[in-house]
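What follows draws every value from the coordinates through simple rules; no lab data is involved. No experiment lies behind these values; they were computed from the predicted model shown. In this analysis, Cβ positions are derived from the backbone assuming ideal geometry, glycine residues included, and neighbour counts consider all displayed protein chains.
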Number of protein chains: 4
Amino acid sequence: MRNIDTDKEQAIFQAALRLIQQEGFAGLKMSILAKEAQMAAGTIYLYFKSKEDLINRLYITLKRRSAKSFLKGYDPKAPFMEGFELIWQNFLDTNLANPEESAFLEQYYRSPYLDKTVQDEADQLVAPVFELLERGKRERLVKEAPTEMLVAQLTGFVAALTQLHASGGLTMTAAFKNAALAMAWDGVKR
Amino acid sequence: MRNIDTDKEQAIFQAALRLIQQEGFAGLKMSILAKEAQMAAGTIYLYFKSKEDLINRLYITLKRRSAKSFLKGYDPKAPFMEGFELIWQNFLDTNLANPEESAFLEQYYRSPYLDKTVQDEADQLVAPVFELLERGKRERLVKEAPTEMLVAQLTGFVAALTQLHASGGLTMTAAFKNAALAMAWDGVKR
Amino acid sequence: MRNIDTDKEQAIFQAALRLIQQEGFAGLKMSILAKEAQMAAGTIYLYFKSKEDLINRLYITLKRRSAKSFLKGYDPKAPFMEGFELIWQNFLDTNLANPEESAFLEQYYRSPYLDKTVQDEADQLVAPVFELLERGKRERLVKEAPTEMLVAQLTGFVAALTQLHASGGLTMTAAFKNAALAMAWDGVKR
Amino acid sequence: MRNIDTDKEQAIFQAALRLIQQEGFAGLKMSILAKEAQMAAGTIYLYFKSKEDLINRLYITLKRRSAKSFLKGYDPKAPFMEGFELIWQNFLDTNLANPEESAFLEQYYRSPYLDKTVQDEADQLVAPVFELLERGKRERLVKEAPTEMLVAQLTGFVAALTQLHASGGLTMTAAFKNAALAMAWDGVKR
DNA sequence: TATGAATGAGGGTTCATTCAT
DNA sequence: GATGAATGAACCCTCATTCAT
């Protein structure tokens, strides 16, 4: 008997990301996905109930991975500025290093597969960032604007940078990353 | 003088935007579009060669309309700060007022319909913004960062705000708009 | 513009019956059905929402046609014996003349497409037969057995005869039909 | 002495009958069958060459079991009436007690699995009934109708009664069984 | 012998596009 | 020009069967 291969799920995820980056969400055809993941079409359905299930599980997996990555080394008790810089740098690096994931996450939001419960769970993962900014406001370091707005500037900036970088419009050197950090901080600082 | 053809084209464009906002890009089925635009499916093909043609022409139309809107009243010879504030405010207002267009533009970029020549023409329309920011750098008002990066922060912020606003996450009062302007300016100013 | 062709529905019904008789319920593949009905696969879906819809509407159509056929000329006020003979003869003739319909009706009952509401409506159509037999019991002409049992013998007999005839096991001459009528009547008569 | 192989075969047969009764012929999926029979899907293929083979062997097995059951205690040399009553009662009881088998036999006939040789062998098993009725005709006890027609009435009646009983439409008491015997006999008697 | 993961042909259905009216 | 019925390629998914363990 062939043992169930947990790597198969990962192989499907990887292939799906590749296809979505290359051809967009519309390029995710189950038969092509199977070919890309080097298996038969039916095999995908041993690991995922449907295309919808595949996309939603891919989404939450990426969101979790992303959150884990940008919160790496984050200590809520460390000074505010330290936390802000760490998360910002992690977040930018994570996004630059995984442009397919960013492409997917962006498109999921507008897709017919969007699942409210999945979305809600994903929102929880970003909570620490909201808390950090609120603390920043209390410590008089951050502008007295709605937290959503502050987050909007930070994430919007990273999203735009990632897209720019992925399309070859800008190579992100260390110097540029520092410039971006300065811009991000200047935008939200008091 | 009414141009009958152009009226139909506009009806199709409007219906398409409505459907895309409601159901996403995937919700744009030609037969449903025809119903929404109150005509027969075949009629669409009298005005557009194909779905691809329809989407690309919708894209460039929206881009032109958007550029015209956010450059309204803009005088390249006026002081930098005046121009910056004008464009920013126009841009934010335009996006907030037309969330369907923003939704469409965002998705077009990742769709299989994306056409390089169309995209290039669209990029030309934003040139004045690049020129303004470069002038800002020369006048020592704006940070010495790559213009693409500066633009990324500004447009990324607006895109995120628009999405937030459209999803009901934040009501944009005049005070909030001023706060956003301040944040945007602080991000790029020297 | 091509006008909607109500004959198309009939063509689909006829083709479906032919296929079901030839290959059984399992032989009803939508693509083969389209070929048999001389149209494209998609066309079927202009007239029927789904395969399930097609089968249920075919069922109720056949049931109505069958009821209309075996009640043809039936007068509830005529003497019992006259009504019994008329219905029996009509019923046998109808079944012998339309073996595909009998084959279909038989298989529908055991299929996953069976719909309770449709089935209920169909049962209503046989009501006159139940009423006739009950009247027969009141007039002391028919056995004092449950009406369901009386009907079971009559319909079971016809079903078996139809199958026999369709498979070539017995050619139904006028003499044989008379013999069958005598057997049917002897079975239920007092 | 337990024959392991035959045990598995029986388990598969039982499970198949259960599934067919519950969901109809279309409900017989090999993987579900395996689960119902508490074994792996591949195991079924150690005992049956294919689904077709499984169904045909199930058919002939049931037919043999049925024939053995309704001929139990039958003595071709006993008086006609005794034989007729015995077989009729056995046949009705057998069918009422095994509605899944009846459901299966009915559907097999219309299925794409029907195999002529298997069918022929099955027909042999009913030969004693034909012989009995022919003897009845010679003894002037039974109507001078084609034997196939006589059999049609008897088996059609039992099939209809079984279905009625299985669907809950009629509870078969001893009195009702006697009434059925009377009806059956009246139908064929001279 | 037994397992159950893997296969892939083939099913039902959708939808961009065509074409007869 | 306008219509919408008709088309058929292509999609998602199922399931009988195989095969590595």
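In nm, what does the list of distances from D:THR171 to its counterparts in the other copies look like, shortest first, when each label sits 7 Å along Cα to Cβ? Spacings between copies for this position, smallest first, are 5.0, 6.7, 8.9 nm.
Distances, shortest first, from the label point of A:LEU46 to those at the same position in the other copies read 2.0, 4.3, 5.5 nm; the point lies 7 Å along Cα to C-beta.
Here segment A:47-84 and segment A:135-179 have alpha carbon centers that stand 18 Å from each other. At an R0 of 56 angstrom, the distance between the Cβ atoms of D:LEU96 and C:LYS35 translates into a FRET efficiency of 0.80. Rounded, prolate or oblate: which one fits segment A:115-181, using the alpha carbon gyration tensor with axes a ≥ b ≥ c (rounded when a/c is under 1.5, else prolate when a/b beats b/c, else oblate)? It comes out oblate by the Cα gyration axes.
Here the average projected area of the convex hull drawn through the C-alpha atoms of the protein assembly as shown stands at 48.4 nm².
Ordered by the number of other Cβ atoms lying within 10 Å of each residue's own Cβ, fewest first, B:TYR108, B:TYR45 fall into the sequence B:TYR45, B:TYR108.
Electrostatic tally near D:GLN153: other residues with Cβ closer than 11 Å to its Cβ, Lys and Arg +1, Asp and Glu -1, net -2. Considering the rotation that superimposes chain D on chain B, the residue of D whose beta-carbon lies nearest the axis, and that distance in Å, is D:ALA26, 16. When each of the peptides B:148-155, B:122-129, C:66-73 is scored by the mean number of other C-beta atoms lying within 10 Å of its residues, the order from highest to lowest reads B:148-155, C:66-73, B:122-129. Here segment A:83-134 was treated as a single set of alpha-carbon atoms; its pair distances binned every 5 Å from 0 give 4, 17, 19, 24, 22, 12, 3, 0 percent. Proximity of backbone amide H atoms, modeled 1.01 Å from N, is registered between B:VAL142 and B:LYS137, B:ARG190 at under 5 Å, excluding neighbours fewer than 5 places apart on the same chain. With a Förster radius of 56 Å applied to the C-beta separation of D:GLU144 and A:TYR45, the computed FRET efficiency comes to 0.35. Our analysis of chain B gives Rg over Rh at 1.02, with the two radii drawn from alpha carbon positions and Rh computed by the Kirkwood formula. Taking other Cβ atoms within 10 Å as a rough exposure proxy, A:THR147, C:THR6 sort from fewest to most as C:THR6, A:THR147.
Other residues with beta-carbon under 15 Å from the beta-carbon of D:GLU106 carry, at +1 per Lys or Arg and -1 per Asp or Glu, a net charge of -1. Counts of other chain beta carbons within 10 angstrom of each beta carbon in peptide A:141-153 average 5.
Over segment B:1-90, the pair-distance histogram of Cα-Cα distances with 5 Å bins from zero comes to 3, 13, 19, 18, 13, 9, 9, 8, 5, 2, 0 percent, rounded to whole numbers. Expressed in Å, the radius of gyration and Dmax of the Cα atoms of segment D:1-48 are 10.7, 36.
For D:GLU139, place a label point 7 Å from Cα along the Cα-to-Cβ direction in every copy; what are the distances to the other copies, in nm, shortest first? Taking the point 7 Å beyond Cα along Cα→Cβ, the inter-copy spacings are 3.6, 10.8, 12.1 nm.
Net charge near D:ALA41, counting Lys/Arg +1 and Asp/Glu -1 over other residues with Cβ under 10 Å of its Cβ? Every neighbour counted, the sum reads +2. A simple spin-label model places the labels of C:TYR74 and D:LEU114 2.9 nm from each other, with each point 7 Å out along Cα-to-Cβ.
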